[in-house]
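Novice: Handing you this structure, nothing more for now.
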Amino acid sequence: LEEQLRKSDTLNVVGELAAGIAHEIRNPMTALKGFIQLLEGSVKDDFSMYFNVITSELSRIESIITEFLILARPQAIKYLKIEIGKIMKETIDLLNAQAILVNVQMKLSLEKDLPLIYCEPNQLKQVFINVLKNAIEVMTKGGQIDVQIKRKDERHIVVSIIDRGTGISEDKIKRLGQPFYTTKERGTGLGLMVSYKIIEEHRGIVDVESEEGKGTTFHITLPINQ
Ligand code: ADP
Ligand code: MG
């Protein structure tokens, strides 16, 4: 027990330190971004390419920091009994503009009389955002993403996010959720790690089914009660 306590103390210190560093990086980043935008207006056109690179690299640092903060921040976590369909609707609304741009529709089907779920709504929303964003990003030819929420058994519900994108090969499925694992040029490889951690904290499970060239389904099973 003592060993366990010591371990969790260390984890807290590391978490606070990480969150602190992330904040410290974020503040000067905001200043940098502002001044670079100002500069851009007053510099010769020949340099515009450099500004594109600077801006895109800065926003990459920003996404890494943002995802890292979610993970590291020792938040006061407040679990509530809530309607999970509502969180999913809000998430879909949030991502709709991005989806429409690439001809993707998201269709939500909710089973009738779903129970309330004991969860941290902001964290769960973060998971839905991460998984849905990935789904949109692999649907390069457009099409429909199906989101289904059903009761699994007496004590669980399951949220399935079904895309018809590139799919994932079997050997790569194992790498999902590893920090910094990404196949995208501008990816952070942190979205799934954060999501898996949140689901684990909710005592839930993530299952991935995938077929290359056909698409991928993420099944997120969550307990109804604490
Ligand atoms: P990122 O999106 O920044 O790459 P993620 O942790 O969200 O990081 O995802 C890690 C990797 O998992 C992605 O780069 C991609 O290769 C793979 N992946 C995740 N979701 C899907 C999906 N729906 N279809 C195909 N590949 C996926
Ligand atoms: Mg992602």
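Novice: Sorting Leu94, Leu222, Leu101 on the 10 Å Cβ count, fewest up front, what's the list?
Specialist: Working: Leu94 14, Leu222 22, Leu101 10.
Ordered from fewest to most neighbouring Cβ atoms within 10 Å, Leu94, Leu222, Leu101 come out as Leu101, Leu94, Leu222.
Novice: Please order Arg151, Arg186 by the number of other Cβ within 10 Å, starting at the fewest.
Specialist: Arg186, Arg151
Novice: What does the C-alpha gyration tensor say about the overall shape of the chain? Classify as rounded when a/c is under 1.5, otherwise prolate if a/b is larger than b/c, or oblate.
Specialist: Cα axes put the chain in the oblate bin.
Novice: When DSSP assigns beta bridges and you keep just the ones with both residues in region 72-216, what percent turn out antiparallel, to the nearest 5?
Specialist: Counting only bridges with both partners in region 72-216, antiparallel ones make up about 65 percent.
Novice: Answer rounded, prolate or oblate for region 113-226, using the Cα gyration tensor with square roots of eigenvalues a ≥ b ≥ c: rounded when a/c is under 1.5, else prolate when a/b is larger than b/c, else oblate.
Specialist: On the way: a/c = 1.95, a/b = 1.49, b/c = 1.31.
Prolate.
Novice: Let me ask something else about it. Residue by residue through region 112-120, which ³J(HN,Hα) values in whole Hz follow from phi under the Karplus form 6.51 cos²θ - 1.76 cosθ + 1.60 (θ = phi - 60°), with glycine and proline marked x?
Specialist: Ordered by residue, 3J(HN,Hα) equals 6, 6, 5, x, 5, 10, 7, 7, 9 Hz.
Novice: Between the helical axis of 48-72 and the dominant principal axis of the chain, each derived from Cα atoms, what acute angle in degrees is found, rounded to the nearest 10?
Specialist: The angle comes out at about 40 degrees.
Novice: Return the subset of Lys107/Lys133; Lys112/Lys174; Lys107/Lys174 for which the Cα-Cα distance in this structure is over 24 Å, preserving the input order.
Specialist: Lys112/Lys174; Lys107/Lys174
Novice: Using a Gaussian network model of the chain whose springs link C-alpha atoms within less than 10 Å, name the residue from Gly187, Gly177, Gly41 with the highest mean-square fluctuation.
Specialist: Gly41
Novice: Now, a different point. What whole-number distance in Å separates the alpha-carbon centres of region 152-226 and region 90-135?
Specialist: Comparing the Cα centres of region 152-226 and region 90-135, I get a distance of 14 Å.
Novice: How would you rank Val158, Val127, going from fewest to most other Cβ atoms within 10 Å of each one's own Cβ?
Specialist: Ascending Cβ contact count within 10 Å gives the list Val158, Val127.
Novice: I need the shape label for region 106-179. Rule: rounded when a/c is under 1.5, else prolate if a/b > b/c, else oblate, with a, b, c from the alpha carbon gyration tensor.
Specialist: prolate
Novice: Helix-only estimate, please: 222 nm mean residue ellipticity of the chain, summing -39500 (n - 2.57) across DSSP H runs of length 4 or more and dividing by its residues, to the nearest 500.
Specialist: It comes out at -17500 deg cm²/dmol, rounded to the nearest 500.
Any read-out appearing in this document is the output of simple, stated calculations on the displayed coordinates, not a laboratory observation. Here the structure is a predicted model, which is why all the values come from computation and not from measurement. Every residue, glycine among them, receives a Cβ derived from its backbone with ideal geometry; neighbour counts consider all protein chains shown.
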